[in-house]
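Presented below is the structure to which this report refers.
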Amino acid sequence: MTASRTALFQGPTGRPEIMVIFGSTLTVISILCIVTFLLIREHANAQQTATRSATTIAQLIDADVLRTVELYDLTLQGLIAAAQRDDLKQVAPQIRHLVLFDRSTTARYKGDILLLDKHGDVLADSSLIEPKPGNFADRDYFLAHVFNRDTGMFISRPFKPRCDCDDSDEWRISFSRRISSPTGEFLGVAVASMRMSYFDQLFNSLDIGNGSTLGIINDDGILLAQKPYREQNAIGKSLSSRPNVARMLRERSGTFESVSSVDHQRRLYTFTRVGNLPLTVIVALSIDEVFAAWNRTAYAISGATGVLCIGLLWLTWMLCRELRRRQSAEQELAQLAATDALTGVANRRSLDLTLRHEWFRAQRSGKPLSLLMIDADHFKAFNDRHGHQAGDDALRALAEVIRTNVHRPADLVARYGGEEFSVVLAETESEGAKQIAEHIREAVQKLPLVDAGEPPMSVSIGIATWTSGSDINLEQLLFSADKALYQAKEGGRNRVVTA
């Protein structure tokens, strides 16, 4: 560093030094103000984006639920219209059943569709031509119509069916309509039940991120569906006493930020009413998830800004020189850190990084990933017989043979440890991996590494392959390849075994 540059950092011994410090301080303050302003603006943008996303999700749920409920309502109206036809009383039961439930096939996730008389007894059942005896006069979907002719279509509380059927433990809700005489007399109820798995399917089709929740409640605050389930046995219970739910029931639609009374996590709540139905859709996005990207950006920018400000105040010139030196050194170290010094192939650290990268790439693309584990047979005996220098030469020759038989740039040859090597074969099926392994095994036997009369150098190879649909993880892939190698050793060595 020259004397003139050194003087810039010696402190306020004169006017130029004071001006530099003043200018640097003013620059730092300006940078901090600008960065703070940008971060605040990006924070607001992240919240607006999350609100728009939540609103879109709520609208998608709203539209799907509304369509489904309309199909059920059309089914009920068709059933009532058919039930009031006098000519159906004279036809065969099969034909009457077909006409009554003609529209029921269009309803998704439908359960039972029943026609009940004014006492709640079953007159017709969509699943049976001759209905089983049953009475549902105590159900809310029946009682809602007994004394009120203006109820319209009623949506029940969640319930489990009264039967010994396979799905008796599955929650359902029912839609019902009153059947009245021309004079308004109560004649009965048409009711159609829907399996709650409809909501599970609908919610599972939407990606809301970790820590977030989807839900539907009715106007009494009763929880009809939720993803994921934040508490046991909440379905069918009223949540209206909880502050967040009470606010939603009061305001009908809107967005607010609050803490959940269940798991005490802060969330961004967006809620909207489903058309004119007594249902409210709730989308609760985790604040941690909403601002996750912003937090990472804020930390990165804040750190970078701090380094920049310190550099402007104290180490501007030296930092530039140091960064250049460090960049060169890091590149050299990175090269050394990724290579095995003895054989020149990739080392274990490079193998771990590459294998993990190729694993996630295979998960995204669905293309296969194969792993070869290669071990030199009787290498300790070879080392003892010929010496360590010959052993090192053998390992280098072995690495070169493996590298020669693995041609694609995307594949990786690495020394796993000792006399063991690994090969990562991207987008390679088990059969292709086996062919490469056989070529390697045959080529190794041809190496001129032993004296006349000695058995040739050989290797045992284990292969494991991940394909789309496999339920193994990365650790299990490694374990399978290692196990296959062990089987090759146990089976007599100098062979290839596929897991």
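The values are calculated or read from the model by the stated rules, or taken from the named source; none is laboratory data. Remember, predicted model here, so these are calculated numbers, not experimental data. Cβ: placed from backbone, ideal geometry, glycine included. Neighbour counts: every protein chain shown.
Here the condition is being buried (at least 20 other Cβ atoms within 10 Å of the Cβ) and at pLDDT below 95; of A381, A390, A394, A410, it holds for A394 alone.
Exactly one residue out of L249, L206, L187 is in a helix (DSSP H, G or I) and either of a type in the set (A, V, I, L, M, F, W, C) or modelled with pLDDT of 90 or more (or both), and it is L249. Take the conditions (1) among the β-branched types (V, I, T); (2) at pLDDT below 90; (3) in contact with a Gly (Cβ under 6 Å, 6 or more places away or on another chain); I179 misses just one of them, which is (2). Under the condition of being farther than 16 Å from R385 by Cβ and without any contact (Cβ under 8 Å) to a residue 24 or more places away in the chain, the residues counted in region 429-470 number 6. Checking each residue in region 483-492 for being touching a strand residue (DSSP E or B) at 6+ places or on another chain (Cβ under 8 Å) and surrounded by fewer than 18 Cβ atoms within 10 Å (Cβ to Cβ) picks out K483, Y486, Q487, K489, G491. Of the residues making up region 476-490, those that are hydrophobic (A, V, I, L, M, F, W, C) and over 30 Å from the mean Cα position of the chain (by Cα) are A484, L485, A488. Of all residues in region 191-212, exactly one satisfies the criterion of being farther than 13 Å from P228 by Cβ, surrounded by 13 or more Cβ atoms within 10 Å (Cβ to Cβ) and out of contact with any Phe, Trp or Tyr (no Cβ under 9 Å at 6 or more places or on another chain), namely L202. Looking only at residues in region 446-482 that are within 19 Å of I402 (Cα to Cα) and of a type in the set (S, T, Y), the one that is surrounded by the fewest Cβ atoms within 10 Å (Cβ to Cβ) is S458. V450 fulfils the conditions (1) in contact with a Pro (Cβ under 8 Å, 6 or more places away or on another chain); (2) part of a strand (DSSP E or B); (3) not polar (S, T, N, Q) except for a single criterion, (2). If you take the residues of region 427-441 that are among the acidic types (D, E) and either surrounded by 14 or more Cβ atoms within 10 Å (Cβ to Cβ) or in contact with a Gly (Cβ under 8 Å, 6 or more places away or on another chain) (or both), which of them is nearest to V497 (Cα to Cα)? Only one residue fits best here, namely E438. When you scan region 360-368, do you find a residue that is in the same structural domain as A433 (by TED's automatic domain parsing), among the aromatic types (F, W, Y) and either surrounded by 14 or more Cβ atoms within 10 Å (Cβ to Cβ) or not in a helix (DSSP H, G or I) (or both), even just one? No. If the condition is being part of a loop (DSSP other than H, G, I, E, B) and within 19 Å of I208 (Cα to Cα), then region 254-295 contributes S260, V262, D263, H264, Q265, F291.
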